[in-house]
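Following: one structure in structure tokens, then a few remarks.
The values are calculated or read from the model by the stated rules, or taken from the named source; none is laboratory data. These numbers come from a predicted model, not from an experiment. Neighbour counts are summed over all protein chains in view; Cβ atoms, including those assigned to glycine, are modelled from backbone coordinates with ideal geometry. Surface areas here come from the heavy atoms of the whole protein model, side chains and all, with no ligands, DNA or RNA. Shrake-Rupley method; radii C 1.70, N 1.55, O 1.52, S 1.80 Å.
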Amino acid sequence: ALLGRGLGRAENAIDPTAAVDEISVYVDKKAGPRMAAYRALALALAHQSLQNFDLAKKSLVEASEGKGPTEPRFLARVAFAHFLAGNLAEAARARAGITWYGKDKAEDDPKVLLVDTGLLLASGLPQRALDVGGKLDGVPALLLRAQSYLDLGKAKEALEAAEAAAKLA
């Protein structure tokens, strides 16, 4: 529960200092590979928000290595953390590891779509980024939408998306 709350705080940049304190003090480092990977991911996101980039990078490497989870939701968060850090190759590599099983189309996981949107935007495809992530909610999605609109030369729409992100934040 503490790790989930810390990850939520870190992901949404809501009091990242409290997230780091809580995770560092109360979540055991030797709780097993799955929990260690989630702990490292939460710390990476929190340190990224605090602009402590050395610790963010170290924690992200810990989350990416080893025998951590391989489910899509974890890998999407790792990919997004790499994207936020500007490691586009690592973000694409983590995204490539996401697989869905089943007969039908994979579910549209918002974190996976967010990563896809960011990678499309970084690849110079702002219209495709809008097509993929145009309906996503949240501050990161709105900021990516604003950047896409800027790349398309649509200043009015970019301003609206940025103002919506600021209001939501």
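Using a probe of 1.4 angstrom and keeping all protein chains present, the accessible surface of the chain works out to 58 square angstrom per residue.
Taking trypsin sites (Lys or Arg not before Pro) across the stretch 37-131, the ones in a DSSP loop with at most 13 further Cβ atoms lying within 10 angstrom of their Cβ are Lys67, Lys103, Lys105. Annotation note: trypsin sites (Lys or Arg not before Pro) in the stretch 129-169 located in DSSP loop regions with a Cβ neighbour count of at most 14 within 10 Å are Lys135.
A simple spin-label model places pseudo-atoms 7 Å from Cα toward Cβ; at Ala1 and Leu88 they are separated by 4.3 nm.
What do you get for the angle between helix 72-85 and the principal long axis of the chain? Use alpha-carbon atoms, 0 to 90 degrees, nearest ten. In the chain, helix 72-85 runs at an angle near 70 degrees to the longest axis.
Under the criterion of Cα pairs below 8 Å and six or more residues apart, the relative contact order for the chain equals 13 percent. Note on the chain: helix-only mean residue ellipticity at 222 nm, from DSSP H runs of 4+ residues weighted -39500 (n - 2.57) and normalised by residue number, equals -22500 deg cm²/dmol.
Per the Kirkwood formula on distinct C-alpha pairs, the Rh of the stretch 118-165 is how many angstrom?
10.1 Å
Among the GluC sites (Glu not before Pro) in the stretch 76-169, those placed in a DSSP loop whose Cβ has at most 14 other Cβ atoms within 10 Å are Glu107.
Could you please state how large a percent of the accessible area of the chain is carbon and sulfur, counting protein chains only and using a 1.4 Å probe?
Accessible surface attributable to carbon and sulfur in the chain totals 54 percent.
Against the chain, whose longest principal axis comes from its Cα atoms, helix 155-168 is set at around 30 degrees.
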